[in-house]
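The values are calculated or read from the model by the stated rules, or taken from the named source; none is laboratory data. What you see is a predicted model; the values in this text were computed from it and never measured. In this analysis, Cβ positions are derived from the backbone assuming ideal geometry, glycine residues included, and neighbour counts consider all displayed protein chains.
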């Protein structure tokens, strides 16, 4: 997934924020993220916040306009199933029952599947960079997640609650399938870390900006307290 990030500040260029440890000298950092949506399923996230984090505020603007009847799937962690898909039409997401503008939301740290029914487009995510301690609920069993901060960093070294034998699945957009799952090693087993399923070597898993991932957590629900500071 090719992604371009630009934070619009007076003191920092796009290249500066791309650095994993960059400091942004602004009180409120407004920006945008370009995420490529290929034909078919894409596992993506919105790492910027907007009004109510409604999907039409952060995940609806594409260039060119995405094909009608494209679908957006949010995850129901309690029910361990996808919610009813939101339907794309005339440049916005629609409720699948009423066909009114969708009321679905996505918060930083959550991921969704978008099924693009047409040619490739660029998704434009616009909003404010979330800062401070960014809590993400990591549920027992399956969940769709993303780094809530708009940077590409190793999630295991940024507080993600990895447990022994947890599984992490990244999405192969070109192949329209999951990559081989990484295996979790908790703090009591030399972690937190994600391990290659064949060699058991440590994998520094750092999802691209705009990219989501799936985790099957064996332990109890935990909180990922991701810290990201803007100065």
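Can you give me the ranges of the strands (runs of 3 or more DSSP E) entirely in segment 1-84 with at least 1 residues that are at pLDDT 95 or above and within 25 Å of residue 168 (Cα to Cα)? I'd like the intermediate steps shown before the answer.
Working: elements: 3-8, 30-37, 40-45, 61-63, 71-73.
Qualifying strands (runs of 3 or more DSSP E): 30-37, 40-45, 71-73.
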Anything in segment 53-66 that is under 17 Å from the mean Cα position of the chain (by Cα) and either more than 15 Å from residue 123 (Cα to Cα) or without any contact (Cβ under 8 Å) to a residue 60 or more places away in the chain (or both)? List them, or say none. 53, 54, 55, 56, 60
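Being buried (at least 18 other Cβ atoms within 10 Å of the Cβ), in contact with a strand residue (DSSP E or B) (Cβ under 7 Å, 6 or more places away or on another chain) and in a loop (DSSP other than H, G, I, E, B) narrows it down to one residue among 96, 108; which is it?
On the way: 96 fails: buried (at least 18 other Cβ atoms within 10 Å of the Cβ).
Exactly one of 96, 108 is buried (at least 18 other Cβ atoms within 10 Å of the Cβ), in contact with a strand residue (DSSP E or B) (Cβ under 7 Å, 6 or more places away or on another chain) and in a loop (DSSP other than H, G, I, E, B), namely 108.
Please work out if residue 118 is assigned to a loop (DSSP other than H, G, I, E, B) and under 16 Å from residue 37 (Cβ atoms). If you could, list the steps in order and put the result at the bottom.
Values: assigned to a loop (DSSP other than H, G, I, E, B): yes; under 16 Å from residue 37 (Cβ atoms): yes.
Yes, satisfied.
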For residue 216, are the conditions met, namely being surrounded by fewer than 18 Cβ atoms within 10 Å (Cβ to Cβ), free of Cβ contacts under 8 Å to residues at least 24 places away in the same chain and within 20 Å of residue 111 (Cβ to Cβ)? no
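In segment 188-216, what residues are assigned to a strand (DSSP E or B) and over 17 Å from the mean Cα position of the chain (by Cα)? Step through it out loud before you land on a result.
At the first step, the residues of segment 188-216 found to be assigned to a strand (DSSP E or B) are 193-195, 202-203, 211, 213-216.
193, 194, 195, 202, 203, listed by residue number.
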Selection over segment 51-69 where residues are buried (at least 18 other Cβ atoms within 10 Å of the Cβ) and in contact with a helix residue (DSSP H, G or I) (Cβ under 6 Å, 6 or more places away or on another chain) yields a count of 1
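Which one of these is touching a strand residue (DSSP E or B) at 6+ places or on another chain (Cβ under 9 Å), surrounded by fewer than 18 Cβ atoms within 10 Å (Cβ to Cβ) and touching a residue at least 24 places away in the same chain (Cβ under 8 Å): 134, 142?
Details: 134 fails: surrounded by fewer than 18 Cβ atoms within 10 Å (Cβ to Cβ).
Of the residues listed, the single one that is touching a strand residue (DSSP E or B) at 6+ places or on another chain (Cβ under 9 Å), surrounded by fewer than 18 Cβ atoms within 10 Å (Cβ to Cβ) and touching a residue at least 24 places away in the same chain (Cβ under 8 Å) is 142.
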